[in-house]
Amino acid sequence: MIYTTIQDDNTNMKELLSKMLNHEELSRVEMHDILIGITEERFPTEQIAALLTGLQMRGISVDELLGFRDGILETGVPAILDAERYIDIVGTGGDQKNTFNISTCSCVVLAGAGYKVAKHGNVAATSVSGASNVIEGHGVKFTNDIDKLNRSINESNFTYLHAPLFARAMKFVAPIRKNISFPTIFNLLGPLVNPSQPKCSLLGVASLDQMRLYNAVYQKLGVDYGIETSIDGYDEISLTGNFKISTNKYERIYSTSDIKMPVAKASELIGGATKEEAIRIFDDVLENKASESQKNVVIANAAFAIQVYEAGKKDILECCDIARESIESGKALKNFKKFIELNS
């Protein structure tokens, strides 16, 4: 897509805000140009705050989300990996469940099973421990050095992309987001701005409304994807009840019995009160010492990621077996130690 640049910043932004007040949607190009203007500090803080508030009150369209995504990737640091196919498992966050690092642990299990993973993440925003907290807690040093990132994914099947090193645009809106203190379009962008732009992704969302939005977004992006939500509001497969999966191959509601697993205890999925507790649970899973609920929830999320990676060619029960074997054989742990060695 070819973008033009906003010429008269103040007038143009006022016109766009007027369109929003008239309940009109902004185009992908307009949103891209706004994001570029924000990074070049061409708009008053009040106008940006008004834009974010108006979008949140009216509801965000697919093209509006994609326009901001385009701008963030354009102004950020790219991570061009030399692996042909790899996946990310990521949640939108904000479900207020404070679970342990299920997505990150599932990524490690995938890598142990031989699948390449480029995990994009950050420190915790709504829980005790985010992906970056648990990765850094193992002594990993974050980098955007492409040679180091490529060596990591090629030698351990796993590389980690710490979001602040890549998405330069986010620092320009951080003070505004903090001051308005409610979710904005930027809360929806995290899963879409992996700087390596993987060809397949497993995304966890906390509601069916978000599932519908991301479905339309991923269809426009043309990637292999899976979107998962637990009916009781987790932004991942929690196994605490039924869950829904939507991919570019199928859409289905599953019960835990469909994947031969018992209902999980919600209390066992909590990540603890400190980052240290969250890391201990993470390690317990990889060392095959976790509770049944903790272990199964990682296996389930990893299994659906494997199915997405395989473009739907493997049955989900086979994918569960692959994920379970990665843990129980010690491959996931051994591979993670190799990743730490490469990145410390």
| Lone unmet requirement of (1) more than 13 Å from the chain's Cα centre (by Cα); (2) over 16 Å from ILE279 (Cβ atoms); (3) open to solvent by 10 Å² or more (accessible area, probe 1.4 Å) for GLY139 | (2)
| query | Which of the residues spanning segment 55-64 are open to solvent by less than 20 Å² (accessible area, probe 1.4 Å) and under 19 Å from ASN12 (Cα atoms)? | reply | LEU55, GLU64
| remark: Restricting segment 291-344 to residues that are within 21 Å of ILE237 (Cβ to Cβ) and outside any helix (DSSP H, G or I), the one most open to solvent (accessible area, probe 1.4 Å) turns out to be LYS313
| task | Give the residues of segment 198-213 that are buried (at least 18 other Cβ atoms within 10 Å of the Cβ) and touching a residue at least 60 places away in the same chain (Cβ under 8 Å), sorted by residue number. | result | PRO198, CYS200, SER201, LEU202, LEU203, GLY204, VAL205, ALA206, GLN210, LEU213
| message | I need the full set of residues from segment 229-285 which are at pLDDT below 95, among the polar types (S, T, N, Q) and more than 30 Å from GLU136 (Cα to Cα), in order please. | response | ASN248
| request: Would you mind stating whether ILE227 is free of Cβ contacts under 8 Å to residues at least 40 places away in the same chain, more than 30 Å from GLU46 (Cα to Cα) and under 16 Å from the mean Cα position of the chain (by Cα)? | output: yes
| Checking LEU269 against (1) surrounded by fewer than 22 Cβ atoms within 10 Å (Cβ to Cβ); (2) touching a strand residue (DSSP E or B) at 6+ places or on another chain (Cβ under 8 Å), which single condition isn't satisfied? | (1)
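Being of a type in the set (Val, Ile, Thr), over 20 Å from GLY67 (Cα atoms) and touching a Lys or Arg at 6+ places or on another chain (Cβ under 9 Å) is the filter here, so list the residues in segment 206-245 that pass it.
Listed by number, the residues that qualify are ILE227, THR229, ILE231, THR240, ILE245.
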| message | under 23 Å from the mean Cα position of the chain (by Cα) and under 26 Å from ASN215 (Cα atoms): which single residue out of ALA332, ALA303 fits that description? | response | ALA303
| query | Can you pull out the residues in segment 25-54 that are over 18 Å from VAL173 (Cα atoms) and either buried (at least 19 other Cβ atoms within 10 Å of the Cβ) or out of contact with any helix residue (DSSP H, G or I) (no Cβ under 9 Å at 6 or more places or on another chain) (or both)? | reply | LEU26, ARG28
| note | Filtering segment 254-266 down to residues that are assigned to a loop (DSSP other than H, G, I, E, B) and either surrounded by 18 or more Cβ atoms within 10 Å (Cβ to Cβ) or touching a residue at least 60 places away in the same chain (Cβ under 8 Å) (or both) yields LYS260, MET261, ALA264
| query | Within segment 100-172, which helices (runs of 4 or more DSSP H) (wholly inside it) include 2 or more residues that are under 14 Å from PRO78 (Cα atoms) and out of contact with any strand residue (DSSP E or B) (no Cβ under 9 Å at 6 or more places or on another chain)? | reply | 146-156
| query | Which condition does ASN101 not pass, out of (1) at pLDDT 95 or above; (2) under 14 Å from the mean Cα position of the chain (by Cα); (3) surrounded by 24 or more Cβ atoms within 10 Å (Cβ to Cβ), if it passes all the others? | reply | (1)
| request: May I ask you to list the residues in segment 13-42 that are within 22 Å of ALA216 (Cβ to Cβ) and among the polar types (S, T, N, Q)? | output: SER27
| What's the number of the condition LYS171 fails, among (1) free of Cβ contacts under 8 Å to residues at least 60 places away in the same chain; (2) open to solvent by 20 Å² or more (accessible area, probe 1.4 Å); (3) closer than 24 Å to GLY226 by Cα? | (3)
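May I ask you to verify whether LEU189 is open to solvent by less than 10 Å² (accessible area, probe 1.4 Å), outside any loop (DSSP other than H, G, I, E, B) and more than 23 Å from ILE306 (Cβ to Cβ)?
yes
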| query | Among VAL298, VAL263, which is the only one that is within 21 Å of the chain's Cα centre (by Cα) and closer than 21 Å to ASP95 by Cβ? | reply | VAL298
| query | What number goes with the only condition from (1) modelled with pLDDT of 95 or more; (2) over 26 Å from ASP284 (Cβ atoms); (3) open to solvent by 40 Å² or more (accessible area, probe 1.4 Å) that TYR86 does not pass? | reply | (3)
| task | Under 7 Å between Cβ atoms, at least 6 apart or on separate chains: pull out the pairs that start in segment 319-336 with a residue that is small (Gly, Ala, Ser) and end on any residue that is open to solvent by 70 Å² or more (accessible area, probe 1.4 Å). | result | none
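The values are calculated or read from the model by the stated rules, or taken from the named source; none is laboratory data. This is a predicted model, so every value here is computed, not measured. Don't worry about glycine lacking a Cβ; one is built from the backbone with ideal geometry, like all the others, and counts go over all protein chains shown. Accessible surface is based on the protein model in full, side chains and every heavy atom, while ligands, DNA and RNA are left aside. Shrake-Rupley method; radii C 1.70, N 1.55, O 1.52, S 1.80 Å.
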